[in-house]
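Trainee: First the structure, then my questions, so here it is.
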Amino acid sequence: MKRGLFITFEGIEGCGKTTQAKLLYEHLLKEGYRVILTEEPGGTEIGIKIRKILLNKGHDSMHPLTELFLYNASRLQHVMEKIRPLLNKQYIIISDRFMDSTFAYQGYGRGIDINLIKCLDEISRQGLRPDITFLLDIEPELGLKRHSSRELDRLEKESIEFHRAVRDGYLEIARAEPERFIIIPAIRSIEEIHDMIMEKLRALICHSGTL
Ligand code: Z5A
């Protein structure tokens, strides 16, 4: 049976992925597609509870491996309870972050062994992979500046070196999988970026023949 389309958005803080995921969702909804907007960590009742634990700025003592397990726990629940069942019903799923965030943040950012991350990733994704991933790329200084007016969560409080390592990690991951990733310069205007995303997607949606 053909399934729907699984689209993910990735990037460092302030890159604009949440803005673009929402714009894309509204656009596709208006065009009559069956589409769901979701996020990680989160996306399910259990995932939302895990998200609160992960982002709580009081949880400074969280061990990097505890963090890794919690992101994966949220993902497994998300895949099993929401993403896979809806893809099987031919929905378009738009997820604000997914697997690549773990490799970029816990792998390149925190320095956790990539082989351990790969093992947990296989379990939590249950064989599911995004069809297309938009990486919104921006200098960390610029991204963090966009968020400077609000209170920072536990990960946003990390050093600029951490955010640079995450950004470099994302670019390395994306270059290794050019057939899945579209790298977008996130310095462009909100409207320009949305148009670029729609252009790439139109081709994919026509081609997939499932919708
Ligand atoms: N994390 C992890 O470590 N491991 C994992 O496996 C997963 C996640 C899944 C929560 O993510 C944290 O979890 C995140 C990574 C980590 N940590 N950090 N740090 P989140 O997605 O909930 O939080 P976030 O990354 O900080 O994203 P965000 O708050 O949703 O921001 P954003 O998506 O990057 O940007 P935005 O909200 O769309 O835009 C930010 C502002 O910029 C806003 O005022 C916009 O109006 C403005 N904006 C947007 N686009 C533009 C353009 N093009 N020009 C100018 N201004 C713009």
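Trainee: I'd like the full set of residues that are in contact with a Ser or Thr (Cβ under 7 Å, 6 or more places away or on another chain), within 11 Å of the ligand (Cβ to nearest atom) and not in a loop (DSSP other than H, G, I, E, B), limited to the stretch 10-42.
Mentor: Within the stretch 10-42, E10, E39 qualify.
Trainee: Only one residue in L68, L37, L28, L86 is farther than 29 Å from H194 by Cβ and out of contact with any Asp or Glu (no Cβ under 6 Å at 6 or more places or on another chain). Which one?
Mentor: Values: L37 fails: farther than 29 Å from H194 by Cβ; L28 fails: farther than 29 Å from H194 by Cβ; L86 fails: farther than 29 Å from H194 by Cβ.
That would be L68, the only listed residue that is farther than 29 Å from H194 by Cβ and out of contact with any Asp or Glu (no Cβ under 6 Å at 6 or more places or on another chain).
Trainee: Now for a separate question. Which ones in the stretch 52-75 are assigned to a helix (DSSP H, G or I) and open to solvent by 70 Å² or more (accessible area, probe 1.4 Å)?
Mentor: K52, I53, F69, listed by residue number.
Trainee: Residue check, T18 against (1) open to solvent by less than 60 Å² (accessible area, probe 1.4 Å); (2) within 13 Å of the chain's Cα centre (by Cα); (3) not acidic (D, E), all met but one. Which one?
Mentor: Answer for T18: the failing condition is (1).
Trainee: Here's a follow-up. Residue by residue through the stretch 109-134, note down the ones that are out of contact with any Phe, Trp or Tyr (no Cβ under 9 Å at 6 or more places or on another chain), among the aliphatic types (A, V, I, L, M) and assigned to a loop (DSSP other than H, G, I, E, B).
Mentor: Within the stretch 109-134, just I112 meets the criteria.
Trainee: Right, E31: of a type outside the set (K, R) and touching a residue at least 12 places away in the same chain (Cβ under 8 Å) or not?
Mentor: When the stated conditions are applied, E31 does not pass them.
Trainee: Next up: It is to be established whether one or more residues within the stretch 127-134 are on the phi < 0 side of the Ramachandran plot, away from the ligand (no atom under 15 Å from the Cβ), under 15 Å from the mean Cα position of the chain (by Cα) and of a type in the set (V, I, T).
Mentor: Yes, that holds for at least one residue.
Trainee: List, please: which pairs have Cβ atoms under 8 Å, are six or more places apart or on different chains, and start with a residue in the stretch 157-174 that is open to solvent by less than 30 Å² (accessible area, probe 1.4 Å) and end with one that is away from the ligand (no atom under 12 Å from the Cβ) and modelled with pLDDT of 95 or more?
Mentor: Qualifying pairs under 8 Å: L171/I183; I173/F181; A174/T133; A174/F181; A174/I183.
Trainee: Specify the residue that is farthest from I12 (Cα to Cα); the eligible residues are those in the stretch 105-127 that are of a type in the set (G, A, S) and in contact (Cβ under 8 Å) with a residue 60 or more places away in the chain. Break it down into steps so the answer makes sense when it comes.
Mentor: Taking the stretch 105-127 and keeping what is of a type in the set (G, A, S), we get 107, 109, 111, 124, 127.
Checking the rest, the ones that are also in contact (Cβ under 8 Å) with a residue 60 or more places away in the chain come to 107, 109.
Numbers: G107: 14, G109: 11 Å.
The qualifying residue farthest from I12 (Cα to Cα) is G107.
Trainee: Continuing with the same structure: Mind listing just one residue for me: the one in the stretch 83-108 that is near the ligand (Cβ under 7 Å from one of its atoms) and part of a helix (DSSP H, G or I) and, of those, nearest to the chain's Cα centre (by Cα)?
Mentor: S101
Trainee: Determine whether I7 is more than 14 Å from I190 (Cα to Cα), part of a loop (DSSP other than H, G, I, E, B) and within 12 Å of the chain's Cα centre (by Cα).
Mentor: Details: more than 14 Å from I190 (Cα to Cα): yes; part of a loop (DSSP other than H, G, I, E, B): no; within 12 Å of the chain's Cα centre (by Cα): yes.
So I7 does not fit the description; no.
Trainee: In the set A73, A21, which member is farther than 24 Å from C119 by Cα and of a type in the set (G, A, S)?
Mentor: None of the other options fit; the residue is A21.
Trainee: So, I112, is that one open to solvent by less than 60 Å² (accessible area, probe 1.4 Å), touching a Gly at 6+ places or on another chain (Cβ under 7 Å) and more than 9 Å from the ligand (Cβ to nearest atom) or not?
Mentor: No.
Trainee: Okay, moving on. Filter the stretch 135-175 for residues that are near the ligand (Cβ under 9 Å from one of its atoms), at pLDDT 95 or above and part of a loop (DSSP other than H, G, I, E, B) and give the result.
Mentor: I138
The values are calculated or read from the model by the stated rules, or taken from the named source; none is laboratory data. None of the values given here were measured: they were computed from a predicted structure. All Cβ positions, glycine included, derive from the backbone under ideal geometry; neighbour counts span all protein chains shown. Areas reflect the complete protein model, heavy atoms only, side chains present, ligands, DNA and RNA absent. Shrake-Rupley method; radii C 1.70, N 1.55, O 1.52, S 1.80 Å.
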